[in-house]
Structures are given as structure tokens and as C-alpha cells.
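See structure below.
The values are calculated or read from the model by the stated rules, or taken from the named source; none is laboratory data. All of these numbers come straight from a predicted model, not from anything done at the bench. Every residue, glycine as well, gets a Cβ built from its backbone with ideal geometry; the counts of neighbours run over all protein chains shown.
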Amino acid sequence: MSRAASIIDAHAMLGEETYLSLTASELLRRMDAAGVSTALARPLGAGLIVDNRAGNDLVLSAGPRIRGLVSANPWWGDRGLAELDRCREVGAVGMFLDPLRQGFFPTEPAPVPFYERAQQYDWPIVFRTGAYVFADVLAVVEVARRFPTIQFVAGFGGFADMWFEIADAIGSVPNLHLDASLLWSDGIEEIIKRFGAQRVLFGSAEPRNRYAAALRTLDRLELSTAEQEAIFHGNATRIFHLEPLR
Amino acid sequence: MTRIIDFHTHLDERWLHVKCDSAADMVRTLDRFEVEAACVFTIMGFYEPCPAHNDALLRRADQYPDRLIPFATVDPKQGRAAADELERCLANPRFRGVKFHPWLQAFAASMLRDTMLDVLQIAARHRVPVLLHDGTPPYSTTYQVANLARWSPETTIVLGHAGSADYVDAAAQLMRDIPNLYGCYCGPRAGDLRRLLDLAGPEKILFGSDFGAAGWRLLPERIDNVLEAGLTDQQLELILAGNAARLLKLDERPLAQPLLPHREEAR
Ligand SMILES: [Zn+2]
């Protein structure tokens, strides 16, 4: 089995939430063991939901191989926007929103100024998708229609029961991409076949999932070299404006 | 590597418009990943009248009586007929369990409490486990499924996905607190398995893959989810096979041997 020379993990998590826990040093150890060069990490738990500054500092101070996907709960309003401004100054590469945990509908007014700020900064937005009511992937599609210049990523790929919505969701707008971390391989393959490998990003969902499991799921698809390069690093480099490989 | 029994697979002709693997395909996949036996459930029987689907499932499973273990399903919306159908199926010792998918079968157990109690009591009398899809509102939340175990403490109830994507912590607590509630680890990931183990203990967790509902790759994906969780050999043995063997009473009632050797022709 061969994999792309460089692997970027588009969705790791740092901090603590209920039973999940991961520090930057432990993530780096797991990245090294799996041959992952860079991980985009977002905060977990209280750092994601209420204490955004602490959560963002955690992911922004973990560098240089861990890049920050920062979050501000839209219900913080102007204070949340100011936190995003601060994060931009210290190198955030995109925004993460969890409508389930942060308690908002993607289509309601509260998050709209946050989408506008992402647009202004040319930041992609990774949404947690998959849980019913708040984290409906079709709600994210509606937001993607309204903000066609923002690149969106369907975090967790609709896991679990929105697997039957996810492919059509990706196909219905050009600016929505799949985080392949938790979707089963048949679902990932369908998206690659119908819409191309440029719509899929490798993600680990560490510490919920494990690198070895996420990587082998993609290995079993027997991807071409070009598809591997797109999924393992090319798409993330393009969408998150990362420095190109040397 | 320890032995493996897959407690959650589907064996049907099709899922709506998508064709599914045959019994021979399924056994080839089991062989490839060294899985000794699999519990097999219908899919179209969740949408259509159950008796014909129970019969069809039994016919398919009977091609490999030493490998495929059919679970019957019934439609509790049919009232007495559901209980009768379950008695009919369980009179055949080949059926070793009952499967419900309240979401696809479109019933809230709380609206059919009398029938569900009858059905759970029948399963208890035949000493077979009842596995239900969990993790999905509005009919299959983990709490709804766990409630059935409280209604009928004599019945072994298995959460079909041990909380699935969004209810793992709830599943772990409920499996800990309710003696007759188990969890099929089918869908959650290694980080979730650690929580299930910490709260509910290794005797309450059974490996399942759900393959048959999707292609063969789902089986090794889901085996990886177990193997990557850093378990001890003893935990692996219980989760991958020991607990399933106990609930299926394989010691007391070993699986039938095939009438003719079939392994070669299946390859
Ligand atoms: Zn299933």
C-alpha cells in the first residue's frame, strides 16, 4: 500500500469534552506514528462552546505542525466576532462551528455575522454535521448557497445517519466538501466517483477516531495517485490556504 | 488474533433499489477477515410484511448453518399477529435472536407497549436476545431502546449501535445501570469504545459491523475500530467473540454443521 508523500489531517480536536481528551503533545505523537505532517485542530468541550478564548488559544499555540481552526459561539455576538479578529492576528486558518453543541440553527440570524467575517477573512468554515435538528447537513447546504464565495467543509461527513444525505448535499453546491473522518468507505467512494476527489479531505476525528482506522478506510478505496494527492493534502492546502509543500 | 463473531449484519436481496451481497458473498467476506460466524438480519423486512422476509432470511442463512445465525423480526403494529409470528419463528431453533429497527419499521414502542411487552416476554421465554437499532430520533433513541430493558428485566436487550454517533455516553451509562442491557459496538469509534468499557465493562459490549447494509469494506473498518482502541487480550476476546457466544448460547447449542462441505464452492 502506498499513500501520498504528505498527509494533512483536516479535522483533529484538542481539549476535553465528556470522555474525549487530547493534548497537543499527544496529538503530535499520534501524527508522527501515522506519518501525518500537519493537523488542523479545533477545540473541544467548554473551549468550543462557552470559553472560546481558552479553546482557541489551545489550538493556536500548538504549532507549527498543528494549525488552528478557531471557533466563537455565535450567541456571543460582537464579543465572539472580536475573538475571531484576535485569532486571525495569531494565525488561525479557518473557522469551526458546531451548531449542535453551540446551540444554533445554521440558517438563523445569529451566526450570519460570523459567516460574513469568514468571508471577509477568506476563511473556510468547517461545520460539525450529522446530528438531527441543529447539525443537519442540508442546513449547511442552505448556508453554502447564500455564501457562494466561502468554502465549507461538512465535518464528520454527516456521521452517522445522514450518510444517505451527504453525497447529494456535496453535489448540490460547489463550495461544500467532505471531511472523510467518520463516513464509511462506500459513502466516501460514492462522493469521489460522482463529484471528484477534489471534494474530499482526509480527516482523523482524533481523539474520537484513530489515525490508523481513518487511513486504512481510504487505503481500501485503492485511489489513484492523483486522487490520493488531492485527498491527503492538495485539497486542504488549497481550501485552507496553507503553505505549499516543499 | 482472537476469534470473531459479528453480532450485527444484514443479509437480504436488496435495500430498496440497491442490490445486496448474497450469502455466498457474505461468507467469503467472513472468511477473508477470519470471522467465524455472523448474526444476520433482514433489511426489506423492516419495510414489508415480516413473515415472508423471515422465511427468506432463514433460507439464505441455511445455506451456511455453521456460519450465519438468523434473527427474526416482527411488526408490533400488527398486535397479536406480531407475537404469533415471533412464536412461529422461534419454534425453529435456527433463529437465535430478534431484531427491531423501530425507525425503519415506523413505530414508537411506547405507543405499542402491550404488544412490545408480549414480544419481549416471548424472547425471554425462548432465551434469545433482542437487538434494536439505536442512536436515531424519533423512534430509536438510545434512551427509548434502553427503556425496553427496564420494562422487561427478564429480556436481554442489545443496543444495536451502542449509542451510534450522538448517544455513546448515554449508552455507556445505561449499559452500566441496567443489568439486562448490552451494547453492540457497531458504528462508534475507538475513543467511544474506551468510554463504553470504562462505564459498562467488557462483558456488556459485543462487536458488530452492519456489513451487508453496505459493502464488504465495512467489516474490516469496524474490526479496526476495535483493534485500534488499545484493549487487553481479555477485553478483545470478550468483545469480539466471548460475549456473543454467551448470549447466543453457542456452548449449549453449537451451530449446526453443514450437510455438505461448502467452503470450497463458496470461494
Ligand atoms: Zn443494521
**Item:** Condition met for B:V98 (free of Cβ contacts under 8 Å to residues at least 40 places away in the same chain, touching a helix residue (DSSP H, G or I) at 6+ places or on another chain (Cβ under 8 Å) and in a strand (DSSP E or B))
**Value:** yes
**Message:** Any residue in the stretch B:1-15 that is within 10 Å of the ligand (Cβ to nearest atom) sitting within a Cβ distance under 6 Å of a residue that is among the acidic types (D, E) and modelled with pLDDT of 95 or more? List the pairs, counting only those 6 or more apart or interchain.
**Reply:** B:H8/B:D210
**Asked** Can you tell which of B:V168, B:V158 is closer than 29 Å to A:T217 by Cβ and either away from chain A (no Cβ under 14 Å) or touching a Ser or Thr at 6+ places or on another chain (Cβ under 7 Å) (or both)?
**Response** B:V158
**Request:** Check whether at least one residue in the stretch B:125-133 is within 16 Å of the ligand (Cβ to nearest atom), touching a Lys or Arg at 6+ places or on another chain (Cβ under 6 Å) and outside any helix (DSSP H, G or I), and report yes or no.
**Result:** yes
**Request:** Could you please tell me which pairs satisfy a Cβ distance under 6 Å, a separation of 6+ or placement on different chains, a first residue in the stretch A:138-157 that is at positive phi, and a second residue that is part of a helix (DSSP H, G or I) and not charged (D, E, K, R)?
**Result:** A:G157/A:I166
**Complete:** Expected output for the stretch B:145-162 (first residue more than 14 Å from B:A109 (Cα to Cα), partner among the aromatic types (F, W, Y) and within 16 Å of the ligand (Cβ to nearest atom), Cβ below 6 Å, 6+ apart or cross-chain) is B:V158/B:Y182; B:A162/B:Y185
**Prompt:** In this structure, is B:D134 farther than 25 Å from B:T42 by Cα and of a type in the set (D, E)?
**Reply:** no
**Prompt:** B:A190 passes all but one of (1) within 13 Å of chain A (Cβ to nearest Cβ); (2) crowded, with 24+ Cβ neighbours inside 10 Å; which number fails?
**Reply:** (2)
**Unmet criterion (only one of (1) crowded, with 20+ Cβ neighbours inside 10 Å; (2) without any contact (Cβ under 8 Å) to a residue 60 or more places away in the chain; (3) within 12 Å of another protein chain (Cβ to nearest Cβ)) for B:P137** = (1)
**Request:** Could you please let me know if A:V143 is of a type outside the set (F, W, Y) and assigned to a strand (DSSP E or B)?
**Result:** no
**Residues of the stretch A:149-164 satisfying the condition of being out of contact with any Pro (no Cβ under 8 Å at 6 or more places or on another chain) and modelled with pLDDT of 95 or more** = A:T149, A:A154, A:G155, A:F156, A:G157, A:G158, A:F159
**Asked** Among the residues of the stretch B:8-39, which ones are farther than 14 Å from B:L218 by Cβ and not in a loop (DSSP other than H, G, I, E, B)?
**Response** B:R14, B:K19, B:A23, B:A24, B:V27, B:R28, B:D31, B:A37, B:C39
**Message:** Tell me which helices (runs of 4 or more DSSP H) are completely within the stretch B:142-249 and hold 3 or more residues being in contact with a strand residue (DSSP E or B) (Cβ under 8 Å, 6 or more places away or on another chain), modelled with pLDDT of 95 or more and under 27 Å from A:F134 (Cβ atoms), or say none if there are none.
**Reply:** B:142-151, B:168-177, B:190-200
**Asked** Considering only residues of the stretch A:168-196 that are within 13 Å of chain B (Cβ to nearest Cβ) and touching an Asp or Glu at 6+ places or on another chain (Cβ under 9 Å), which is nearest to A:R128 (Cα to Cα)?
**Response** A:S181
**Prompt:** Does B:E221 satisfy the condition of being surrounded by fewer than 24 Cβ atoms within 10 Å (Cβ to Cβ) and either within 16 Å of the ligand (Cβ to nearest atom) or on the phi > 0 side of the Ramachandran plot (or both)?
**Reply:** yes
**Complete:** The condition from (1) part of a helix (DSSP H, G or I); (2) at pLDDT below 95; (3) among the acidic types (D, E) that A:E243 misses is numbered (1)
**Request:** Inspect all residues belonging to the stretch B:11-29 and state whether any of them is within 22 Å of B:I239 (Cβ to Cβ) and modelled with pLDDT of 95 or more.
**Result:** yes
**Complete:** In the set A:L27, A:L84, A:L69, A:L48, the lone residue that is buried (at least 20 other Cβ atoms within 10 Å of the Cβ) and assigned to a strand (DSSP E or B) is A:L69
**Message:** Quick check on my filter: what residues within the stretch B:16-28 are within 16 Å of the ligand (Cβ to nearest atom) and within 16 Å of B:L68 (Cα to Cα)?
**Reply:** B:C20, B:D21, B:M26
**Prompt:** Quick one: which of A:F232, A:F202, A:F147 is more than 28 Å from A:G103 (Cα to Cα) and more than 14 Å from chain B (Cβ to nearest Cβ)?
**Reply:** A:F232
**Request:** Count, please, the residues in the stretch B:41-92 that happen to be outside any loop (DSSP other than H, G, I, E, B) and either on the phi > 0 side of the Ramachandran plot or not hydrophobic (A, V, I, L, M, F, W, C) (or both).
**Result:** 16
**Message:** Just the residues that are within 16 Å of the ligand (Cβ to nearest atom) and within 11 Å of another protein chain (Cβ to nearest Cβ), please, taken from the stretch B:171-187.
**Reply:** B:C186, B:G187
**Prompt:** When the residues of the stretch B:194-218 are filtered to those that are away from the ligand (no atom under 16 Å from the Cβ), in contact with a Leu (Cβ under 8 Å, 6 or more places away or on another chain) and aliphatic (A, V, I, L, M), which remaining residue is farthest from the other protein chains (Cβ to nearest Cβ)?
**Reply:** B:I205
**Asked** What are the residues in the stretch A:121-137 that are crowded, with 22+ Cβ neighbours inside 10 Å and touching a helix residue (DSSP H, G or I) at 6+ places or on another chain (Cβ under 9 Å), if any?
**Response** A:W123, A:P124, A:I125, A:F127, A:R128, A:T129, A:G130, A:A131, A:A135, A:D136, A:V137
**Asked** Is it fair to say B:E237 is in contact with a Ser or Thr (Cβ under 8 Å, 6 or more places away or on another chain) and either within 14 Å of chain A (Cβ to nearest Cβ) or away from the ligand (no atom under 16 Å from the Cβ) (or both)?
**Response** yes
